[in-house]
Structures are given as structure tokens and as C-alpha cells.
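The values are calculated or read from the model by the stated rules, or taken from the named source; none is laboratory data. Nothing here was measured: the structure is a model prediction, and the numbers come from that model. All Cβ positions, even for glycine, are placed from backbone atoms using ideal geometry, and neighbour counts span all protein chains on display.
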Amino acid sequence: AERIAQAQKRRRNELLFLIDLAVPRNVEAQVEKLNGVYVYDVDALGKIVADNKEYRVSQMPLCEKILDHEIDMFEQWLGESRLGPLIEQIYSDAKRLRNAELDSIFASCPDFTSQQRDAVTLLADRLTGKFMHPCVTTVRTCRLSRPTTVLVDELHQVAERSVVSRKKKPSCKNAVRK
């Protein structure tokens with residue numbers, strides 16, 4: 001203890017950490033009482049390790065909660081990334097259907113003014129958006145469940161059939177007043 005006290009005087013009492021790994025101890029117990037000197041032996045290190053382990057174990061529920069949240073967020077992102085192409089297909093089909101209907105009505109009513117064509121197009125756009133919103137919301141809510149993919153497939157087939165087979169063209173005579 002005397003040698004450590006002299007060394008501390010030369011060091012101007014800067015902090016000194018001593019780790020005594022010997023069994024039995026090589027550093028005298030009185031050294032711990034010196035100002036600015038910290039002694040750790042095997043028993044003290046064992047207690048630090050045990051306390052640290054206990055603390056880490058106590059934090060496991062919080063870690064698991066964080067992991068569960070991150071896994072949920074990742075699964076949500078993954079599901080949404082898979083839905084992107086599906087939703088794009090739905091909008092594409094709806095747009096094709098809307099365009100086919102607009103082409104049909106404009107072909108059967110060539111005397112529409114530019115203003116009337118714009119009004120009909122705006123109406124078709126707004127109706128398409130209003131009809132698409134609940135469909136897309138349902139797809140996002142249900143994700144990639146079997147009923148959702150069946151719904152999207154059916155919508156796609158309806159769009160295909162409607163665009164391909166334009167058998168009956170609407171008449172403009174009674175539909176629009178000039």
C-alpha cells in the first residue's frame with residue numbers, strides 16, 4: 001500500500017485503476033482506501049459481470065418489444081411493396097376501362113363540343129377515382145390474402161372483357177342535351 005501511495009503522490013492523485021487477477025490477491029486491501037485508487041479483484045469483476053448480465057436479462061422484454069415492433073413494420077413494408085404492382089394493375093385496368101368508355105361515347109357523339117368532352121372526361125375521372133378508392137383501400141387492408149387477389153383478378157378480367165368486346169355502342173341522341 002505504501003508503494004501505491006508514493007506513486008499516487010508522483011501522479012498528483014490522478015485516478016488509478018488496478019485489476020488484480022491473482023488468486024489469492026496480490027494487491028493489499030488497504031490500497032482500496034487510498035484516494036483516487038480503484039482496485040478490482042476476481043470477485044469484484046465477477047460481481048460486475050453478474051450485475052451486467054442481470055441488467056441485460058432484465059432488458060430482454062424491452063428488446064423483444066422493440067424487435068416485435070420492427071418486425072411488424074418490416075412485414076407491413078414488405079406487404080405494401082408486394083401490393084404496389086397489384087394496385088398499379090387495378091388503376092391501369094380502371095384507366096383502360098374508362099378510356100374505352102370515353103372513346104365509345106365520343107365516337108357515338110361526334111358533335112360534342114370541346115367543353116362537353118372535357119366535362120364528360122372530368123366526370124369519368126372523378127367517378128373512376130371514387131370507385132377505385134374503396135377497392136384500393138380493401139386491397140391494402142386485406143393485403144395479399146386469397147380473397148383480395150381473387151378480387152383483383154376478377155377486376156382485371158372485367159376490364160379485359162369490357163375493352164375487348166365493345167358490342168353495343170351507346171347512342172348519344174337521348175343521352176345529352178345540347
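Here's a check for you: in the range 87-118, which residue that is among the acidic types (Asp, Glu) and under 28 Å from the mean Cα position of the chain (by Cα) is nearest to Leu155 (Cα to Cα)?
Asp93
Scan the range 32-43 and report the pairs whose first residue is in a strand (DSSP E or B) and charged (D, E, K, R) and whose second residue is crowded, with 16+ Cβ neighbours inside 10 Å and at pLDDT 90 or above, with Cβ atoms within less than 7 Å and a gap of 6+ or a chain change.
Every condition considered, the pairs that remain are Asp41/Asp20.
Across the range 91-109, what is the number of residues that are farther than 16 Å from Glu160 by Cα and touching a residue at least 40 places away in the same chain (Cβ under 8 Å)?
4
Just to be sure I understand the filter: pairs with C-beta atoms under 7 Å, separated by 6 or more residues or on different chains, first member in the range 122-146 and under 13 Å from Ile87 (Cα atoms), second member aromatic (Phe, Trp, Tyr) and at pLDDT 80 or above. Which pairs pass?
Met132/Tyr91
Can you name the helices (runs of 4 or more DSSP H) wholly within the range 60-178 that have at least 1 residues being polar (S, T, N, Q) and at pLDDT 80 or above?
Once the helices (runs of 4 or more DSSP H) in the range 60-178 are filtered for at least 1 residues that are polar (S, T, N, Q) and at pLDDT 80 or above, what remains is 60-108, 114-142.
Kindly provide the set of residues from the range 15-25 that are at pLDDT 90 or above and in contact with a strand residue (DSSP E or B) (Cβ under 6 Å, 6 or more places away or on another chain), ordered by number.
Selection gives Leu16, Phe17, Leu18, Ile19, Asp20.
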